[in-house]
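Participant: The structure that follows is given in the form of C-alpha cells.
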Amino acid sequence: MHELSVAISIVQSVIDAAADQPGRVSAVNVRVGAMSGVIPEALSFAWQPASQGTALEGTSLNIEPVPAAVHCPTCDREVELPGQRLVCPLCQQRTPQLVRGRELDILSLEIHDEPPAPHPAHP
C-alpha cells in the first residue's frame, strides 16, 4: 500500500507549510484524481498512522475525489470516464487526451486558534 508513503508526504508538506501559521491544523483537504494511482479509501486509512506522533495527530483528512475525464476528438467534447479505460463512453473510440483525473493536490488547511496558555496565578 503506497498510500502510506503518500500520506507521510502530505503530512510533511502540511507541517512545513503550516509552520509559520498561528493556531493548530484541524483538517487537511486534498483532491485525488481517479487516475492518480492513489485509492482514496486507502489514503484515508493511512492518514492516522502517517500523522501519529506529529503536529497533525488527531486531524482529519478530507478527500475530494475527481473523476477521470477525456477530450474525445470524435465527439469534440469532454466526457467523464466510467472506469479506467481511455475510451469515450459515447462513441467507443480510443481517446488518449486525459483532461482531468491525475490530480493529487493539497487544497487547503483548516486552522483553528489555540486557546492561550493559562498564566500561572500570582501569589
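Participant: In the list 50, 7, 27, which residue meets the criterion of being open to solvent by less than 60 Å² (accessible area, probe 1.4 Å), assigned to a helix (DSSP H, G or I) and farther than 16 Å from residue 103 by Cα?
Facilitator: Numbers: 7 fails: farther than 16 Å from residue 103 by Cα; 27 fails: assigned to a helix (DSSP H, G or I).
After applying the criteria, what remains is 50.
Participant: Now for a different question. Of the numbered conditions (1) out of contact with any Asp or Glu (no Cβ under 9 Å at 6 or more places or on another chain); (2) under 20 Å from residue 83 (Cα atoms); (3) charged (D, E, K, R), residue 16 fails exactly one; give the number of that condition.
Facilitator: All conditions pass for residue 16, except number (2).
Participant: If a residue must be touching a residue at least 40 places away in the same chain (Cβ under 8 Å), open to solvent by 60 Å² or more (accessible area, probe 1.4 Å) and closer than 10 Å to residue 51 by Cα, how many such residues does region 10-21 contain?
Facilitator: The number of residues fulfilling the criteria is 0.
Residue-by-condition table, conditions (1) without any contact (Cβ under 8 Å) to a residue 12 or more places away in the chain; (2) open to solvent by 100 Å² or more (accessible area, probe 1.4 Å); (3) under 21 Å from residue 3 (Cα atoms):
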site	(1), (2), (3)
23	no, no, no
39	no, no, yes
58	yes, no, yes
76	yes, yes, no
83	yes, no, yes
101	no, no, yes
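Participant: Considering only residues that are within 24 Å of residue 111 (Cα to Cα) and either open to solvent by 60 Å² or more (accessible area, probe 1.4 Å) or part of a helix (DSSP H, G or I) (or both), which ones fall in region 63-74?
Facilitator: Once the filter is applied, which keeps residues that are within 24 Å of residue 111 (Cα to Cα) and either open to solvent by 60 Å² or more (accessible area, probe 1.4 Å) or part of a helix (DSSP H, G or I) (or both), region 63-74 yields 64, 65.
Participant: Only residues that are in a loop (DSSP other than H, G, I, E, B) and modelled with pLDDT of 90 or more: list them for region 96-123, please.
Facilitator: As a first pass, look at region 96-123 and keep what is in a loop (DSSP other than H, G, I, E, B): 96-97, 101-103, 113-123.
Scanning region 96-123 gives 101, 102, 103.
The values are calculated or read from the model by the stated rules, or taken from the named source; none is laboratory data. Worth saying up front: this structure is predicted, and the values here are computed from it rather than measured. Reconstructed Cβ throughout: ideal geometry from the backbone, glycine too, with neighbour counts over all protein chains shown. What goes into the accessible areas is simple: the full protein's heavy atoms, side chains included, and nothing from ligands, DNA or RNA. Shrake-Rupley method; radii C 1.70, N 1.55, O 1.52, S 1.80 Å.
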